[in-house]
Amino acid sequence: MESQMRDVPRRRARGRTRLLLGGVCAAVIAVASVAMTTLAHADLSGPPGSTLKAAAERSGRYFGAAMGGDRLSDSGFLTIANREFDMMTAVNEMKPDATEPNSGQFTFSSGDAIYNWATQHGMRVRGHTLAWHAQQPRFWANLSGSSLRAAMIEHINGVMAHYKGKLAYWDVVNEAFAENGSRRSSNLQSTGNDWIEVAFRTARAADPSVKLCYNDYNIENWTYAKTQGVYNMIRDFKSRGVPIDCVGLQTHFTGGSSLPSNFQTTLSSFGALGVDVALTEADVTNASTSQYGGLTQACMSVPRCVGITTWGIRDSDSWRGSENPLLFDRNSSPKPAYTSVLNALNAASTTVPGSSTSPSSPPVSSPPVSSPPASSPPVSSPPPSSPPVTGQPGTCTAAFRMVNTWGGGYQGEVTVANGGSTALNGWTVRLTLAGGQTIANVWNGVNTGTSGTVSVRNADYNGTLGPNATTTFGFLVNGSTNTAPGSFSCTSP
Ligand code: XIL
């Protein structure tokens with residue numbers, strides 16, 4: 001993200017059926033089966049569910065998680081996943097860099113391992129993602145214009161052919177909007193403004209059985225410009241017949257109370273366009289019970305909101321691990337937020353359309369479109385641990401941690417600490433990226449510049465640091481090397 005992440009993972013009977021049938025026939029069966037698996041058992045008068053999936057299924061919804069391939073050997077993770085979840089997303093293994101490392105050379109072993117485990121345990125799978133400005137194949141960096149456009153189309157066709165008839169949803173395009181509601185500048189955007197609809201048309205032709213989603217973050221607040229930008233694109237697509245079936249709201253909440261009060265309006269407004277709505281990557285700083293309960297309740301109140309996915313299961317699985325943002329702690333115990341979510345799932349007031357023969361859900365409202373700027377996010381709590389810091393002793397210091405690397409970039413985290421005896425009111429970290437690297441996304445901070453020496457200042461909600469307090473910000477980098485940034489300095493006004 002150019003600025004901060006502000007209010008910032010079938011059943012076996014069907015598998016047997018597919019063995020008996022081929023080609024187009026199998027795809028048709030797959031659609032019917034996916035729909036039946038999702039919707040068949042909705043019954044709000046039934047007993048409350050005692051697991052996340054059972055509680056979600058009461059209203060014809062799912063409860064999902066994301067997992068990396070390394071979790072396939074983590075029995076603690078697998079036990080909870082199998083008990084609580086009925087939808088799975090691969091954290092990194094179905095992204096463009098993972099599935100097509102070299103031009104025309106597709107590799108699906110990592111994604112398939114997750115797919116196989118999930119489906120063998122009765123889960124459906126969300127595909128994530130086909131076209132994105134980050135985690136791209138390295139060879140895309142050498143392409144532009146029509147050759148990059150052709151590479152994107154070839155990528156979508158190659159990956160979707162492999163998973164044809166197998167997935168419930170695909171995040172076809174991820175994070176294509178900027179915070180101000182216009183398109184994010186990226187190499188894909190530079191191929192022409194129509195790149196998103198080309199991606200969706202390609203995807204529909206490649207696999208007509210899977211629901212096609214647009215997915216983004218910071219589109220939870222209805223009055224925020226970015227939300228409106230995405231809403232207007234989907235409205236335009238629907239009016240022109242561009243194939244799109246769903247919108248994913250990542251729901252990465254940062255800060256102390258960043259669930260917007262109008263979240264339900266956002267969900268119902270998207271739903272009124274005739275698309276499914278899903279919360280696709282939920283995590284909340286320090287797992288606020290009120291925010292988790294509130295985001296769940298909002299989804300349960302909107303008929304087209306089909307399910308919620310948390311980005312990991314335990315805090316130790318999280319890409320924002322230092323913020324402890326998930327429903328299970330590092331000992332695999334459910335946290336208080338788990339109970340908030342479970343209760344809100346069981347209190348669902350609507351069912352997903354078509355999921356129940358009981359009285360239908362209330363009609364979807366269509367609030368007017370408006371786009372004043374979003375309000376500032378609230379103050380965050382400090383992270384729980386204080387890792388060692390380097391930099392200017394006694395005042396503001398910054399320490400870097402490499403969270404994850406892949407072929408074409410990395411995820412970094414910086415811990416900012418107040419080593420002095422008085423409170424800091426604001427901080428700015430300067431760091432120098434290696435040659436050829438560019439910052440793609442920053443969260444819990446606001447960057448100036450994207451290459452070379454970049455400065456990141458505090459977000460609106462994490463600038464005040466008491467003595468010995470720390471906070472973290474995170475970022476994604478695209479580049480041909482994974483060299484860590486150097487020349488760290490931290491200053492405070
Ligand atoms: C994250 C993964 O969780 C990390 O392991 C990786 O280092 C960076 O990407 N939005 C998305 C996800 O759509 O794909 C991102 O996943 C988190 C933000």
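For segment 131-168, a residue qualifies if it is among the hydroxyl-bearing types (Ser, Thr, Tyr) and either modelled with pLDDT under 95 or open to solvent by 10 Å² or more (accessible area, probe 1.4 Å) (or both), and the qualifying residues are Ser144, Ser146, Ser147. Of all residues in segment 159-187, those that are within 13 Å of the ligand (Cβ to nearest atom) have Cβ atoms under 6 Å from Cβ atoms of residues that are open to solvent by less than 10 Å² (accessible area, probe 1.4 Å) and hydroxyl-bearing (Ser, Thr, Tyr), 6 or more apart or on another chain, in Asp171/Thr129; Val173/Tyr214; Asn174/Thr129. Taking the criterion of being assigned to a strand (DSSP E or B) and either open to solvent by less than 10 Å² (accessible area, probe 1.4 Å) or out of contact with any Phe, Trp or Tyr (no Cβ under 8 Å at 6 or more places or on another chain) (or both), the residues of segment 399-414 that qualify are Arg401, Thr405, Trp406, Gly409, Tyr410, Gly412, Val414. Within segment 132-150, restricting attention to residues that are within 12 Å of the ligand (Cβ to nearest atom) and hydrophobic (A, V, I, L, M, F, W, C), the residue that is nearest to Val198 (Cα to Cα) is Trp132. The number of residues in segment 82-97 being open to solvent by 30 Å² or more (accessible area, probe 1.4 Å) and of a type in the set (Val, Ile, Thr) comes to 1. If we keep just the residues of segment 214-231 that are over 16 Å from the mean Cα position of the chain (by Cα) and surrounded by 24 or more Cβ atoms within 10 Å (Cβ to Cβ), which is nearest to the ligand (Cβ to nearest atom)? In this case the residue turns out to be Tyr224.
Just checking, how many residues over segment 437-458 are away from the ligand (no atom under 16 Å from the Cβ) and over 16 Å from His133 (Cβ atoms)? Summing the residues that are away from the ligand (no atom under 16 Å from the Cβ) and over 16 Å from His133 (Cβ atoms) in segment 437-458 gives 10. Yes or no: Thr289 within 16 Å of the ligand (Cβ to nearest atom) and modelled with pLDDT of 95 or more? No: the conditions fail for Thr289. Among the residues making up segment 295-322, those that are under 23 Å from Asn221 (Cβ atoms), within 13 Å of the ligand (Cβ to nearest atom) and outside any strand (DSSP E or B) are Trp311, Ser318, Trp319, Arg320.
In this structure, is Gln264 of a type outside the set (Phe, Trp, Tyr) and open to solvent by 30 Å² or more (accessible area, probe 1.4 Å)?
Judged against the criteria, Gln264 is a match.
Here's a check for you: in segment 252-274, which residue that is in contact with an Asp or Glu (Cβ under 6 Å, 6 or more places away or on another chain) and assigned to a loop (DSSP other than H, G, I, E, B) is nearest to the ligand (Cβ to nearest atom)? Of everything passing the filter in segment 252-274, Ser258 is nearest to the ligand (Cβ to nearest atom).
Residues in segment 107-124 that are away from the ligand (no atom under 15 Å from the Cβ), crowded, with 18+ Cβ neighbours inside 10 Å and not polar (S, T, N, Q): Tyr115, Trp117, Ala118, Met123, Arg124.
Would you confirm, using the coordinates I've provided, whether Thr129 is away from the ligand (no atom under 16 Å from the Cβ), out of contact with any Leu (no Cβ under 6 Å at 6 or more places or on another chain), within 28 Å of Cys305 (Cα to Cα) and of a type in the set (Val, Ile, Thr)? When the stated conditions are applied, Thr129 does not pass them.
The values are calculated or read from the model by the stated rules, or taken from the named source; none is laboratory data. Here the structure is a predicted model, which means the values were calculated and not measured. Positions of Cβ are generated from backbone atoms using ideal geometry, with glycine treated the same way; all protein chains shown enter the neighbour counts. Side chains are part of the model used for accessible areas, which takes the heavy atoms of the whole protein and leaves out ligands, DNA and RNA. Shrake-Rupley method; radii C 1.70, N 1.55, O 1.52, S 1.80 Å.
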